[in-house]
Amino acid sequence: MEKLKIAGGYPLKGTIKVSGAKNSAVALIPATILAESPVTIEGLPEISDVRTLTGLLEEIGATVTSEDGEITVDPRHMISMPLPNGRVKKLRASYYLMGAMLGRFKKAVIGLPGGCHLGPRPIDQHIKGFEALGAKVTNEQGAIYLRADELKGARIYLDVVSVGATINIMLAAVKAKGRTIIENAAKEPEIIDVATLLTNMGAKIKGAGTDVIRIEGVDHLSGCRHTIIPDRIEAGTFMILAAAAGEGVLVDNVIPHHLESLTAKLREMGIPVETGDEQIFIGKADKLKPVDIKTLVYPGFPTDLQQPFTTLLTRAEGTSIVTDTIYSARFKHIDELRRMSANIKVEGRSAIVNGPVRLQGAKVKASDLRAGAALVIAGLMAEGVTEVTGVEHIDRGYSCLVEKLTGLGAAVWREGMSEKEMEHLNHS
Ligand code: EPU
C-alpha cells in the first residue's frame, strides 16, 4: 500500500495536461460489448477503473489490446458469463455491464456495484428503465439478474435525473425493437460522448445532451474508432489547485464550455481566469473572496468538484457555504481538512467554511476519489509535509497525478508504507 507525500508551499507554474474523461471511459468500455467487430478508443486515461473494466471484458471473452494510449476491444468471442463478484465490486460503473450485456445477450448477472461511499446510491432508475424495455430484473444475494425474451422500445420517465441510469438505458435500448424515449434524462457531456460512440457504431440516437433522448433500435452495431472527451472533473481539479497554490497555470486539453460553472465561481472569488479554445489559464490572486456553492446536475456546479473546491475556500477571507444537493454524505474530507487546521463545520447537507486559514501539513486519509483530490490540494497549500493514505482511491480517477503535479513544480512523491504503519492504519 502506498501513500502520497506533499511538501506544501511550492508555487505551481506552467502547463498541466488533462487526460481522457474517467466517467466517459467507464461507460465507453462496456459499450464495446454491443459491437460485432473491434472498437478502438483513443485517449483513455491511465487509471485503475479503466484497467478493472478492461479486465472484466477479458473475463467474459473479449480480446483487449492497448498501444500508445488507445485500446482496441474485440468483442466477437464474448459470452454472457455471470459476474456476481470480484472486480465488479471495485467500481460503481460496473453497472454499465448490465445495460450493455442486456442489449447484446438479452441477459446478464452482475454483482451490485461498489464505488465511493457518498451516502445512498440506489440504482432503482436503471432497473425501472430495464423493466420498461421488457427485462425481468431480480436481486438475488447481492447480484442483479436481468433477462428478457426480447427488448422492446418504451417511453421512460426518470424520477431522478441520473447520469448512470440515462447511459445504462441508452446501452440497452440501442438494440431494442422500436423507439425508446428517455424523458428527464441527464445532460452531462459524458452522455453525449457515449451517444457519439454508439452512433459511430451504427445506433440511432437523437437528443443526447438534452433532457429528452430518442433512440430507434437497430439489429446490428459494428466496430469503429472513437476519441474520448477530456476529463472535465480532472480539469476542474487542476483549475482549483492552480487557484489555491498557483502563480499562473495553463490547464491544457479542456473543453472550456464544460467548466463554465466552476469558471464563474473562481471569477467570483477574484481569481483571474482566461479561456481559450482548448485551454484555461488560471492567474494568481492574493486575496480570495468567500462564495457559496450548491451542487446541481449539469450544467450546474458538479458534485465531483465540491470536495476540492471546499479546500480552496479555506483561503477565502470570510464565510463560504458549500451545499451538496446530489449526495447527502459527501463530506468525509472535512474531518481530514480539520486535522490540517481548517475551520469547517458540517450542518446537514452543507459545510460552512471560515477563512482564511493557513493549512498545516498532517497525516490524512482519502476516503474516496474526490476527497483524495481535496486532500492533495490541501497538501499543496499547506505549511510542512502532508501524508495522504488511501491513494488507491485517487488512482481510480487521476492519471499520472504525481508526474503532472511535479511538472508544475510541486514537491509530491509516493512512498510505500512500512508494515508497522499499515498495521496502525488498519486499527485506526
Ligand atoms: N439516484 C437515484 N436512483 C438511481 C440513480 C441515481 O436515486 O437509480 C440518485 C443518486 O443517489 C444521486 C443522484 O441520483 O443522489 C445522481 O446520481 P447519478 O446516477 O447521476 O450518479 P452516478 O451515475 O452513479 C455519476 C458519476 C459520479 C458523479 C455523479 C453525479 C460515474 C461513473 N459516476 O454517478 O462520479 O458524482 O454521476 O454527477 O459516471 C466521481 O467521478 O467521483 C463520481 C462519483
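Bridges between two residues of the chain, per DSSP, are antiparallel at a rate of about 70%. For the listed residue pairs LYS363/LYS404; LYS3/LYS363; LYS89/LYS136, the alpha carbons are over 20 angstrom apart in LYS363/LYS404; LYS89/LYS136. For the set VAL160, VAL26, solvent exposure ranked by accessible area (probe 1.4 Å, protein chains only) runs largest to smallest as VAL160, VAL26. Name the shape class, rounded, prolate or oblate, that the alpha-carbon gyration tensor gives for the stretch 284-396, where a ≥ b ≥ c are the square roots of its eigenvalues, rounded holds for a/c under 1.5, and otherwise prolate holds if a/b is larger than b/c and oblate otherwise. Because a/c hits 1.5 or more and a/b fails to exceed b/c, the stretch 284-396 counts as oblate.
I need the shape label for the chain. Rule: rounded when a/c is under 1.5, else prolate if a/b > b/c, else oblate, with a, b, c from the alpha carbon gyration tensor. Prolate, since a/c reaches 1.5 and a/b exceeds b/c. Model label points for GLU247 and SER37, set 7 angstrom from Cα along the Cα-to-Cβ axis, are 5.6 nm apart. Note on the chain: helix-only mean residue ellipticity at 222 nm, from DSSP H runs of 4+ residues weighted -39500 (n - 2.57) and normalised by residue number, equals -9500 deg cm²/dmol. Measuring r between the beta carbons of ALA285 and GLU403 and using R0 = 41 Å, the FRET efficiency lands at 0.90.
Give the cross-link partners of LYS187 among the aspartates and glutamates, using a straight C-alpha distance below 16 Å as the criterion and excluding same-chain residues fewer than 8 apart. Straight-line reach from LYS187, under 16 Å: ASP159, ASP211, ASP231, GLU260, ASP304. Take 363-375, 132-144 and order them by the average number of nearby Cβ atoms within 10 Å per residue, most first; the result is 363-375, 132-144. Full extension of the segment from ARG267 to SER222, taken as 0.36 nm per residue of separation minus the current Cα-Cα distance, would add 11.7 nm.
In terms of its alpha-carbon gyration tensor, the stretch 22-227 comes out rounded; the largest-to-smallest axis ratio a/c stays below the 1.5 threshold. Placing GLU67, GLU190, GLU347 in order of accessible area, with the largest value first and a 1.4 Å probe, yields GLU67, GLU347, GLU190.
Between TYR157 and VAL385, the contour length at 0.36 nm per residue exceeds the alpha carbon distance by 77.1 nm.
The values are calculated or read from the model by the stated rules, or taken from the named source; none is laboratory data. What you see is a predicted model; the values in this text were computed from it and never measured. Glycine gets a Cβ as well: all are built from the backbone with ideal geometry, and neighbour counts include every protein chain shown. Accessible surface is based on the protein model in full, side chains and every heavy atom, while ligands, DNA and RNA are left aside. Shrake-Rupley method; radii C 1.70, N 1.55, O 1.52, S 1.80 Å.
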